[in-house]
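Below is one structure; the comments refer to it alone.
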Amino acid sequence: MVEVRTRELYLKNLKLEKKNEELERFAYVSSHDLQEPIRSIVGFAQLLNRKYQGQLDDQGEAYLEFITEASFRVKHLVSALLEFTRLGKKREIAAVDCNRVVNKILTTSKTLISSSAVDITVDELPTIQGCELEIGQLFQNLIHNAIKFRRKDETQAILKISVTKKKECWLFEIKDNGIGIGEEFKEKIFIIFQRLHTRDKYQGTGIGLAICKKIIELHQGKIWVESKEGSGSSFFFTLPVDK
Ligand code: ADP
């Protein structure tokens with residue numbers, strides 16, 4: 001009886017894996033193939049804008065602006081989806097110095113950091129075994145979110161990156177004192193395309209945290225958030241200890 005049940009579960013698992021592969025392939029192919037027509041729409045909308053500027057009436061100008069804006073949005077969404085589906089495809093696993101990764105992000109994000117006047121502290125970080133490109137994306141998404149979702153009042157924006165060594169893993173914390181996240185959204189935000197705000201308040205595609213989750217799962221870790229609405233968030237994730 002147990003044997004039959006085990007075999008059934010095994011077959012179900014195989015079926016699920018196959019379905020999952022099919023879905024991943026579908027998302028990859030469609031986002032890849034959609035890029036070309038979207039590029040054309042964006043290009044021709046820009047051309048129309050340039051060539052017929054001042055010749056359309058107000059309504060015509062407004063329509064063209066809607067088309068341009070919407071086509072840019074689709075372009076960003078599709079390239080974000082493509083980035084998501086590409087994750088895990090070509091990976092090089094090696095020793096990754098997280099200090100170097102974070103320093104690089106802070107250097108390339110200098111303008112964003114100084115224009116938001118963020119006070120940043122970073123602990124001495126470890127070297128881990130992983131895919132450097134993915135670890136870079138992970139830190140970048142979390143750091144940029146911490147800055148993007150800062151409070152818009154007079155409060156000094158603070159970002160702290162720290163780490164603790166546990167028995168089997170490193171536990172990282174990216175802590176901010178921004179707008180925070182309501183208890184009911186703590187899991188939802190890791191689902192692809194889930195956002196808690198309208199575009200006019202905070203720009204974004206809603207894919208950043210889904211990418212972080214996928215990267216952490218590819219590294220056999222866990223990611224979660226602890227937060228209080230209105231008074232900041234701490235994003236925690238684990239990565240394996242470099243043995
Ligand atoms: P995006 O930033 O493009 O909206 P993400 O997947 O990175 O997409 O984040 C999903 C949602 O989670 C955001 O729209 C925001 O509501 C919430 N969020 C993420 N990071 C933070 C943060 N540090 N503080 C407050 N809210 C956050």
Does at least one position in region 204-220 carry a residue that is under 25 Å from residue 82 (Cβ atoms), of a type in the set (Lys, Arg) and surrounded by 13 or more Cβ atoms within 10 Å (Cβ to Cβ)? yes
Taking region 136-164 and the residues there that are within 13 Å of the ligand (Cβ to nearest atom) and among the charged types (D, E, K, R), the one that is farthest from residue 77 (Cα to Cα) would be 160
If I ask for residues that are assigned to a loop (DSSP other than H, G, I, E, B) and either surrounded by fewer than 13 Cβ atoms within 10 Å (Cβ to Cβ) or more than 8 Å from the ligand (Cβ to nearest atom) (or both), which ones from region 165-190 would you list? 166, 167, 168, 177, 182, 186, 187
Quick one: residue 193 ticks every box in (1) aromatic (Phe, Trp, Tyr); (2) part of a strand (DSSP E or B); (3) within 12 Å of the ligand (Cβ to nearest atom) bar one, so which box is it? (2)
Subset of region 84-109 (residues that are under 19 Å from the mean Cα position of the chain (by Cα) and surrounded by 15 or more Cβ atoms within 10 Å (Cβ to Cβ)): 84, 85, 87, 98, 101, 102, 105, 106, 109
Is it the case that some residue within region 93-103 is in contact (Cβ under 8 Å) with a residue 60 or more places away in the chain, closer than 22 Å to residue 194 by Cα and not aromatic (Phe, Trp, Tyr)? no
Matching residues, region 1-26, being farther than 23 Å from residue 84 by Cα and among the polar types (S, T, N, Q): 6, 13
Do you know which residues across region 104-147 are of a type in the set (Gly, Ala, Ser) and either in contact with a Phe, Trp or Tyr (Cβ under 7 Å, 6 or more places away or on another chain) or touching a residue at least 12 places away in the same chain (Cβ under 8 Å) (or both)? 109, 116, 117, 130, 136, 146
Does region 200-220 hold any residues that are in contact (Cβ under 8 Å) with a residue 12 or more places away in the chain, more than 9 Å from the ligand (Cβ to nearest atom) and in a loop (DSSP other than H, G, I, E, B), and which are they? 219, 220
Give me the residue from region 221-237 that is surrounded by fewer than 16 Cβ atoms within 10 Å (Cβ to Cβ) and not hydrophobic (A, V, I, L, M, F, W, C) and, out of that set, farthest from the ligand (Cβ to nearest atom). 222
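Taken together, the values in this text are just the output of simple stated rules run on the coordinates, not laboratory data. Every value quoted in this text rests on a predicted model; they were computed, and no experiment measured them. All Cβ positions, even for glycine, are placed from backbone atoms using ideal geometry, and neighbour counts span all protein chains on display.
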